[in-house]
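See structure below.
The values are calculated or read from the model by the stated rules, or taken from the named source; none is laboratory data. What you are looking at is a predicted structure, and each value in this text was computed from that prediction instead of being measured. Note that each Cβ is placed from the backbone with ideal geometry, even for glycine, and that neighbours are counted across all protein chains shown. The accessibility values were calculated without ligands, DNA or RNA, using every heavy atom of the protein model including side chains. Shrake-Rupley method; radii C 1.70, N 1.55, O 1.52, S 1.80 Å.
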Amino acid sequence: MNLTLRQLRAFTAVADTGSFTAAAATLHLTQSALSVLIREMEADLGVRLFDRHTRRVVLSEAGREFQPAVQRMLGDLATAVSGLTDLRDKRRGVLRLAAPQFMACTWMPPVIAAFRARYPAIEVRLADTPPEHLLAGIPSGEVELAIGQDIEVDDTFERHTLFKDRHWLVCRADHAFARRRQVAWTDLADETFIAPTRDFLRRVLPELDTPAREALSASGTQSVSYITTALGMTEAGLGVTVCPSYAARTVQAHGLVMVPLIKPAFHRTICVYGMSRRAPSPAAQSFIDVLHEHVAQQAASKSRVHG
């Protein structure tokens with residue numbers, strides 16, 4: 001037995017109208033086409049569903065028994081289709097994201113606000129995570145997207161570059177570096193350098209030449225887990241640190257100064273991650289679009305400032 005959706009709708013239309021002619025008009029079918037659907041349905045079920053009278057068609061006893069189940073099936077299907085349509089059109093849903101703690105409190109909020117302004121029915125839940133756990137929630141479905149630093153990944157994940165962000169030296173306003181136009185890595189030899197994340201030195205050292213690596217090794221280097229900790233220690237005069245461009249407002253709130261760091265300039269790539277071979281939900285794809293728009297707007301704003 002293989003009843004079709006067209007047959008079920010034909011059955012319901014005839015039952016509701018009591019007429020093949022009226023039911024055919026409701027379904028935009030010819031009366032003969034509707035009659036074929038009902039005959040095929042009755043043949044498949046092995047029972048007569050309607051009693052035909054001269055002026056009216058009424059449900060048979062079997063038809064009356066069958067009608068509530070058909071109504072439930074069609075109602076459930078309509079509800080399911082409506083739910084999918086709402087998800088497709090971003091009229092409802094939940095989007096779960098992950099980002100490193102500092103990015104979560106600085107760069108992500110305005111992006112989420114822009115997304116919510118456009119899709120107010122989508123609930124956005126942001127998990128602020130340690131950088132080393134950024135991708136942990138993706139395979140389990142705990143989060144759908146993660147936004148953060150460039151990480152080597154296997155084919156479990158899909159990765160797309162958002163932008164490259166420059167790191168700046170950060171010091172107190174009364175520090176000698178604050179009066180400089182730029183600072184080289186070799187200038188850090190006599191400073192206490194506070195690495196803003198546990199993996200920072202591992203990532204930056206391969207990009208430095210020998211004098212710069214020696215200078216960093218000569219400094220009293222210590223590593224912390226969060227940039228906010230590094231900024232607090234710098235504010236207390238315990239050393240100097242580095243931060244990404246998007247940290248500017250937080251740096252200023254601490255009364256600190258950002259100075260270009262050169263030889264070389266150090267950039268970190270920021271990416272968006274998802275599950276490989278799993279199509280993003282409509283809400284996730286729209287959020288990715290908003291991410292790229294935000295990056296483009298920031299780039300245009302910087303261009304106007306420096307232009």
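Comparing 51, 155, 76 in a Gaussian network model of the chain, where Cα atoms under 10 Å apart are tied by springs, the biggest mean-square fluctuation is seen for 51. The heavy atoms of residue 47 present about 60 square angstrom of accessible area, all protein chains included, probe 1.4 Å. Assuming charge only on the beta carbon of Lys and Arg (+1) and of Asp and Glu (-1), the dipole of the range 151-307 about its Cα centre is about 360 debye to the nearest 20.
What a 1.4 Å probe finds exposed on the chain is 51% carbon and sulfur by accessible area, rounded to a whole percent.
Of the GluC sites (Glu not before Pro) found in the range 175-253, not one falls in a DSSP loop while having at most 10 other beta-carbon atoms within 10 Å.
The phi torsions of the range 106-120, fed into the Karplus equation with coefficients 6.51, -1.76 and 1.60 and a -60° offset, translate into couplings of 10, 8, 6, x, x, 5, 5, 4, 5, 5, 5, 5, 7, 10, x Hz, rounded to whole numbers, with Gly and Pro shown as x.
Given the peptides 32-40, 19-27, 236-244, arrange them by the average over their residues of other C-beta atoms within 10 Å, most packed first. Intermediate values should be presented prior to the final figure.
On the way: 32-40: 15.8, 19-27: 17.4, 236-244: 20.6.
Final packing ranking: 236-244, 19-27, 32-40.
Restricting attention to the range 142-239, which trypsin sites (Lys or Arg not before Pro) occupy a DSSP loop and are surrounded by at most 14 other Cβ atoms within 10 Å? List each step's numbers first, then the result.
Details: sites: 159, 164, 166, 172, 179, 180, 181, 198, 202, 203, 213; in loops: 180, 181, 198.
The qualifying sites are 181, 198.
Would you mind telling me the antiparallel percentage of the DSSP bridges in the chain, rounded to 5? Expressed as a percentage, antiparallel bridges in the chain total about 60. Highest mobility in the GNM of the chain, judged by mean-square fluctuation with C-alpha springs under 10 Å and restricted to 98, 283, 62, is found for 62.
Taken about its Cα centre, the chain carries a charge dipole of about 960 debye when Lys and Arg each add +1 at the Cβ and Asp and Glu each add -1 at the Cβ. Highest mobility in the GNM of the chain, judged by mean-square fluctuation with C-alpha springs under 10 Å and restricted to 280, 196, 264, is found for 264.
For the range 177-228, what mean projected area does the convex hull of the alpha carbons give, in nm²? It is 3.9 nm².
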